[in-house]
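Visitor: Have a look at the structure that comes next, please.
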Amino acid sequence: MSEYKIWAEEVLKKVRKKMEWVSEKNRDKIPYTTLETGSYDDKSEERPDWGADDGLYWWTNGFWGGIMWMLYQDSGQEQYAQIARVSEEKLKKCFQDFYGLHHDIGFMFLPTAVADYKLTGNEDSKKLAMFGANLLAGRFNPVGRFIRAWNQSNGEEVPGWAIIDCMMNISLLYWASRESGDPRFSHIAQMHADTAMKNFIRPDGSVRHIVEFDPETGEMVKSYGGQGYGEGSSWTRGQGWAVYGFANSYKNTGKREYLDAAKKVAHYCMANLSESGIIPVDFRQPKEPAWEDSCGACVIAGGLIEIAGYVPELEKEMYLRAAVKILKAIADTRADWTRNCDAIVQNCSSAYHSNPHHTTMVYADYYFVEALYKLAGTSFCIW
């Protein structure tokens, strides 16, 4: 057993111990972040101050269920499947109201409905996920060969916007093609990946967050800094979406250019990795304030581990060593293993210029736990 696997198993013991009580405490919630009390919030509540894409439509609402499915796969304990299905059942309502849904439907239903179907054969979950895949495919712009990201930004329609995050969402389309035997879904996913490879990845391996295309002609108009420091910067979680997302596209298609793209961005990330293993919000942000994003760190680590599974033996160590360095920094210095906080991973920041900074986000826990299971060799394929 490798030293990385042994280490991951030791940390997973802590994860299992903490999630025993965290899962039960929050069994009827769809958490996003922790409150001042240390307890999780609940995005499935109905609140008048939430917009169309908030609340039940919030893009991270699949990750709590995803954590539960990983624990179920690991332990076989039915309680985790039951808690995961609470999220899945609540998310069905999104299809009725519709308007809050956008490209992040992949993040919502891959870790919930697809995971349920893969682990249990639940046909209702398959139907739900196929519905989501059809909606995601419907956002495809055939002239620009991209999937439209959001419906609006600051109250204005943005039909030409695509963002790097969608490289993860298109795994829902790859899955739908395999399940249905209909290649259209995979064709759309690959065309989007080709567009992202051409327009999002810079020559130095860094990645843009938002790219605007002319929705009528498909021509690139401009790019935006998005959740990073600014235009021309490199938001670290976006780098992670690219590393992991292009690796996923390689896994689903066997196209070497996708693996090469994943490696190019990975090399940029590794070149910018500090001695501490702590990841900033943006690799090009000023020294002060030194905002961190532990969530971006976990996504990058998961992508590096994914790449390691597809490269020749002599290359694997480079990616695994960097991933474990990042994960050890989280486990040793940015994780809460106590009962004072429902979340494990600390010091997450959704964006450089937006508050709060150094908070908790449920998808940081998801990608942290997933990366540990990958290292331990006991994960199952969600993406």
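The values are calculated or read from the model by the stated rules, or taken from the named source; none is laboratory data. Nothing here was measured: the structure is a model prediction, and the numbers come from that model. With ideal geometry, Cβ positions are generated from the backbone for all residues, glycine too; neighbour counts draw on all protein chains shown.
Visitor: Considering ALA129, ALA149, ALA113, which residue is buried (at least 20 other Cβ atoms within 10 Å of the Cβ), within 16 Å of the chain's Cα centre (by Cα), over 24 Å from VAL22 (Cβ atoms) and of a type in the set (A, V, I, L, M)? Step through it out loud before you land on a result.
Guide: On the way: ALA129 fails: within 16 Å of the chain's Cα centre (by Cα); ALA113 fails: over 24 Å from VAL22 (Cβ atoms).
The conditions single out ALA149.
Visitor: Out of SER249, SER274, I need the residue that is of a type in the set (Ser, Thr, Tyr) and either in a loop (DSSP other than H, G, I, E, B) or at pLDDT below 95 (or both). Which one? Break it down stepwise before answering.
Guide: Values: SER249 fails: either in a loop (DSSP other than H, G, I, E, B) or at pLDDT below 95 (or both).
After applying the criteria, what remains is SER274.
Visitor: Of the conditions (1) out of contact with any Phe, Trp or Tyr (no Cβ under 6 Å at 6 or more places or on another chain); (2) closer than 25 Å to ALA364 by Cα; (3) surrounded by fewer than 19 Cβ atoms within 10 Å (Cβ to Cβ), LEU136 fails just one. Which one is it?
Guide: If we test LEU136 against (1) out of contact with any Phe, Trp or Tyr (no Cβ under 6 Å at 6 or more places or on another chain); (2) closer than 25 Å to ALA364 by Cα; (3) surrounded by fewer than 19 Cβ atoms within 10 Å (Cβ to Cβ), just (3) comes out false.
Visitor: Here are VAL281, VAL221, VAL299: which of them is surrounded by 24 or more Cβ atoms within 10 Å (Cβ to Cβ), within 27 Å of LEU136 (Cβ to Cβ) and either touching a residue at least 40 places away in the same chain (Cβ under 8 Å) or basic (Lys, Arg) (or both)? Break it down stepwise before answering.
Guide: Details: VAL281 fails: within 27 Å of LEU136 (Cβ to Cβ); VAL221 fails: surrounded by 24 or more Cβ atoms within 10 Å (Cβ to Cβ).
Only one candidate passes the filter, namely VAL299.
Visitor: Just checking, how many residues over the range 136-174 are touching a residue at least 24 places away in the same chain (Cβ under 8 Å) and either small (Gly, Ala, Ser) or touching a helix residue (DSSP H, G or I) at 6+ places or on another chain (Cβ under 6 Å) (or both)?
Guide: 20
Visitor: Which ones in the range 18-54 are more than 23 Å from HIS358 (Cβ to Cβ) and of a type in the set (Asp, Glu)?
Guide: Selection gives GLU20, GLU24, ASP28, GLU45, GLU46, ASP49, ASP53.
Visitor: Select from the range 322-381 the residues that are farther than 15 Å from GLY302 by Cβ and of a type in the set (Phe, Trp, Tyr) and write down the one among them that is surrounded by the fewest Cβ atoms within 10 Å (Cβ to Cβ).
Guide: Going through the qualifying residues, I end up with TRP337.
Visitor: Also: Given the conditions (1) assigned to a helix (DSSP H, G or I); (2) touching a residue at least 40 places away in the same chain (Cβ under 8 Å); (3) under 25 Å from SER177 (Cβ atoms), report the number of the one that PHE131 does not fulfil.
Guide: (2)
Visitor: Still on this structure, I have one more. What are the residues in the range 142-187 that are under 12 Å from HIS103 (Cα atoms), assigned to a helix (DSSP H, G or I) and small (Gly, Ala, Ser), if any?
Guide: Result: SER171, single match.
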